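*Asks:* Take a look at the following structure, please.
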Amino acid sequence: MNILVINCGSSSLKYQLIDSDSEKVLAKGLAERIGIGGSVLTHTPAGKDKVVTETDMPDHSVAVKLVIEALTDKEHGVIGSLSEIGAVGHRVVHGGEKFDKAVLVDDSVIRDIEELSALAPLHNPANLIGIRSCAENMPGVPQAAVFDTAFHQTMPKKAYMYGLPYEYYEKYKVRRYGFHGTSHDYVSRRTAEILGKDRKDMRIIVCHLGNGASISAVKNGECIDTSMGMTPLEGLIMGTRSGDMDPAIFDYICEKEGLTPAEMNNVLNKKSGVLGLSGLSSDFRDLGEAAAQGNEKAVMTLDTYSYHVAKYIGAYTFAMGGVDAISFTAGIGENNYDVRRRVCDYLGVIGASVDDEKLHIRGEEIIVSTPESKVAVLIVPTNEELTIARQTLELLK
Ligand code: ADP
C-alpha cells in the first residue's frame, strides 16, 4: 500500500509517498510559502531530478491538490491515480496526555487535537489544517495522526513533573511531554537492531541534534526521560532556541530591554541558541568553518553546545542505572564531526571509546565505538517519515 506522509506547518507542507511493502520512498516534496505569496512546489520523484513549480497556493487545500497532481502527473508522477494512495499519515506535534500512540483520525480526534492547540499554538493548528485539507481532497482515504509526544508518554511521573504548584499540572496540564518522539523511537529501535540485540533488554541514549534538538533515555524499549519539556524550548541549546535557563532571566531581560513577554518569547525561540551565542549563524556548518578559522565565539559556542549534550548523557546514564548504547542522529548528529568529537571526549568516564576515523563518517548507519568500548556509540540517520508510515499501516491492520 502507498502511504502519503504529511508534515504540515503554518505556511509549508512536506510530503513523502512511501510504498509500505518495500518501505521505499516513491516521491517526496515540499510546498512552501503557502498563503503568503510567491508559493513554490518542489517535487522529487525517486531517482529523478526535482521539479520546481512556482504557482499560487492561497491555502493548504490548494497545496494538497497540487501535491496530488504532481504525484499523478503523466511525466513526473509516480502513481496512476489518487486511488493508489491507501492512507495518509500526519505528523501531529502535540498529543498531550491523551495520546500515547498514533490514532486514526475521526471527529473526536480532531476535537482533541484542537483542544491540545493550547499547548502547541504554533504547531497543532497547522497540523489540523493539513488533516482537513487532505480530507477535502481525498474523501474516504483513512488518515492517521502520529504524535511527536506519544513515544514519551511512558515517562514516569518523577521525570515529567516540574517543581511547580501541583495545581498548574491539574488545571493547565503543565508537565514535561517531550518531542521528536518518532525519531527517538526509530533511532532507539535501529540502534538495537544494528547491535543485534533486543531493545527491551537495552539502555539507550538517543541524541537527536538538528535545528531543534532533544535527547532521550530509552530503557527496556520505553522512554523514561527526555530533554524537551511542555514545549520544545527546554533542554539542549538548539539552533535558535535557548534550551535550559534560569526562569528568572525572563523577567530580568524583559525589564532591562523593555520587551513584552511575547517579544521575549520570540527571543528565546528565534534569536537564542547557537545563533544568539555565536552571533554568527544557527547553521553548524558556518560555525564549524568559523571555528576552524580561529573565531573564538564559534569555538566557545561549539564547546558550550557539546558540554550540554554531554551533561544530559551523564544524567541519563544515572537515570537508567547505566547505558549500553548512545546514538547520534538528525542533521548535526548525523553529519557533524566537530560536535560528535567534543561530546565523545566526555565519554571516557563511562568506559566508552570511539574510533576517530569512523567518527568522521557522515550520514550513514555506523558503529563508531571501538571493539573494546564498554558502551556502543553509533550514528543512526533518523527516518521520521518511515516511522509515520509504519504506524499508519499498523492502524489499518
Ligand atoms: P531540522 O530540525 O530543521 O529538521 P536538521 O535535522 O535538518 O534540522 O539539522 C539541521 C542542522 O544540521 C544544521 O545546523 C546544519 O548545519 C546541520 N548539518 C546538516 N548537514 C551538515 C553537514 N554536512 N555538516 C555539518 N552540519 C550539518
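Throughout, read-outs are computed from the coordinates displayed, never taken from laboratory work. Everything numeric in this text was worked out from a predicted model, so none of it was measured. In this analysis, Cβ positions are derived from the backbone assuming ideal geometry, glycine residues included, and neighbour counts consider all displayed protein chains.
*Asks:* Within the range 268-309, how many residues turn out to be more than 23 Å from the chain's Cα centre (by Cα), in a helix (DSSP H, G or I) and hydrophobic (A, V, I, L, M, F, W, C)?
*Replies:* Looking only at that region, the number is 6.
*Asks:* Of the residues that sit in the range 310-346 and are of a type in the set (A, V, I, L, M) and in a strand (DSSP E or B), which one is surrounded by the most Cβ atoms within 10 Å (Cβ to Cβ)?
*Replies:* If we take residues in the range 310-346 being of a type in the set (A, V, I, L, M) and in a strand (DSSP E or B), then Ile326 is surrounded by the most Cβ atoms within 10 Å (Cβ to Cβ).
*Asks:* Which of the residues that make up the range 207-234 are part of a loop (DSSP other than H, G, I, E, B), aliphatic (A, V, I, L, M) and either farther than 22 Å from Leu122 by Cβ or within 15 Å of the ligand (Cβ to nearest atom) (or both)?
*Replies:* Listed by number, the residues that qualify are Met228, Leu233.
*Asks:* Would you confirm, using the coordinates I've provided, whether Met238 is assigned to a loop (DSSP other than H, G, I, E, B), touching a helix residue (DSSP H, G or I) at 6+ places or on another chain (Cβ under 9 Å) and within 15 Å of the ligand (Cβ to nearest atom)?
*Replies:* So Met238 passes the test.
*Asks:* Right, Val349: within 16 Å of Val218 (Cβ to Cβ), without any contact (Cβ under 8 Å) to a residue 60 or more places away in the chain and outside any loop (DSSP other than H, G, I, E, B) or not?
*Replies:* no
*Asks:* Given (1) surrounded by 15 or more Cβ atoms within 10 Å (Cβ to Cβ); (2) touching a residue at least 24 places away in the same chain (Cβ under 8 Å), where does Leu122 come up short, assuming only one miss?
*Replies:* Among (1) surrounded by 15 or more Cβ atoms within 10 Å (Cβ to Cβ); (2) touching a residue at least 24 places away in the same chain (Cβ under 8 Å), the lone unmet condition for Leu122 is (1).
*Asks:* Right, next: Checking Ala292 against (1) surrounded by 18 or more Cβ atoms within 10 Å (Cβ to Cβ); (2) closer than 25 Å to Met238 by Cβ, only one condition comes out false. Which one?
*Replies:* (1)
*Asks:* A follow-up question, please. Among all residue pairs at least 6 apart or on different chains, which show Cβ distances below 9 Å where the first residue, located in the range 82-111, is more than 22 Å from Pro232 (Cα to Cα) and the second is crowded, with 19+ Cβ neighbours inside 10 Å and of a type in the set (Phe, Trp, Tyr)?
*Replies:* Taking only residues 6 or more apart or on different chains, the pairs are Val103/Phe147; Val109/Phe99.
*Asks:* For the range 137-152, does any single residue satisfy the condition of being more than 18 Å from Val380 (Cβ to Cβ) and out of contact with any helix residue (DSSP H, G or I) (no Cβ under 8 Å at 6 or more places or on another chain)?
*Replies:* yes
*Asks:* Moving on to the next point. Tell me yes or no: at least one residue of the range 254-263 is among the polar types (S, T, N, Q) and either on the phi > 0 side of the Ramachandran plot or under 19 Å from the mean Cα position of the chain (by Cα) (or both).
*Replies:* no
*Asks:* Could you list, in sequence order, the residues of the range 51-74 that are in contact with a Leu (Cβ under 9 Å, 6 or more places away or on another chain) and closer than 16 Å to His90 by Cα?
*Replies:* His60, Ala63, Val64, Val67, Ile68
*Asks:* Something else now. Mind listing whichever residues of the range 293-305 are without any contact (Cβ under 8 Å) to a residue 40 or more places away in the chain and within 12 Å of the ligand (Cβ to nearest atom)?
*Replies:* Restricting attention to the range 293-305, the residues satisfying the condition of being without any contact (Cβ under 8 Å) to a residue 40 or more places away in the chain are 293-301, 303.
Across the range 293-305, the qualifying residue is only Thr301.
*Asks:* Here's a follow-up. Confirm whether Val40 is among the β-branched types (Val, Ile, Thr) and more than 22 Å from Ser117 (Cα to Cα).
*Replies:* yes
*Asks:* Now, a different point. Name the residue, out of Tyr169, Tyr186, that is within 16 Å of the ligand (Cβ to nearest atom), part of a helix (DSSP H, G or I) and either on the phi < 0 side of the Ramachandran plot or not hydrophobic (A, V, I, L, M, F, W, C) (or both).
*Replies:* After ruling out the rest, the residue left standing is Tyr186.
*Asks:* Which number in (1) in contact (Cβ under 8 Å) with a residue 24 or more places away in the chain; (2) closer than 30 Å to Thr317 by Cβ marks the one condition that Lys271 misses?
*Replies:* Failing condition for Lys271: (2).
*Asks:* Another one. Test of understanding: among Ser83, Ser11, Ser39, which residue is buried (at least 19 other Cβ atoms within 10 Å of the Cβ) and among the polar types (S, T, N, Q)?
*Replies:* Result of the check over Ser83, Ser11, Ser39: Ser39.
*Asks:* If you scan the range 274-292, which residues turn out to be without any contact (Cβ under 8 Å) to a residue 60 or more places away in the chain, within 13 Å of the ligand (Cβ to nearest atom) and touching a Ser or Thr at 6+ places or on another chain (Cβ under 7 Å)?
*Replies:* Selection gives Val274, Leu275, Ser278, Leu287.
*Asks:* Moving to a separate point now. Condition check: under 23 Å from the mean Cα position of the chain (by Cα), away from the ligand (no atom under 16 Å from the Cβ) and crowded, with 16+ Cβ neighbours inside 10 Å. Does Ile204 satisfy that?
*Replies:* yes
*Asks:* A further question on this structure: Given the conditions (1) among the aromatic types (Phe, Trp, Tyr); (2) closer than 27 Å to Met155 by Cα; (3) buried (at least 22 other Cβ atoms within 10 Å of the Cβ), and given that Phe284 satisfies all but one, which numbered condition is not satisfied?
*Replies:* Result: Phe284 passes all but (2).
*Asks:* Taking the range 306-341 only, how many residues are under 18 Å from Leu275 (Cα atoms) and away from the ligand (no atom under 16 Å from the Cβ)?
*Replies:* 1
*Asks:* Residue check, Asn266 against (1) crowded, with 17+ Cβ neighbours inside 10 Å; (2) more than 16 Å from the ligand (Cβ to nearest atom); (3) not acidic (Asp, Glu), all met but one. Which one?
*Replies:* (1) is the only condition that Asn266 fails.
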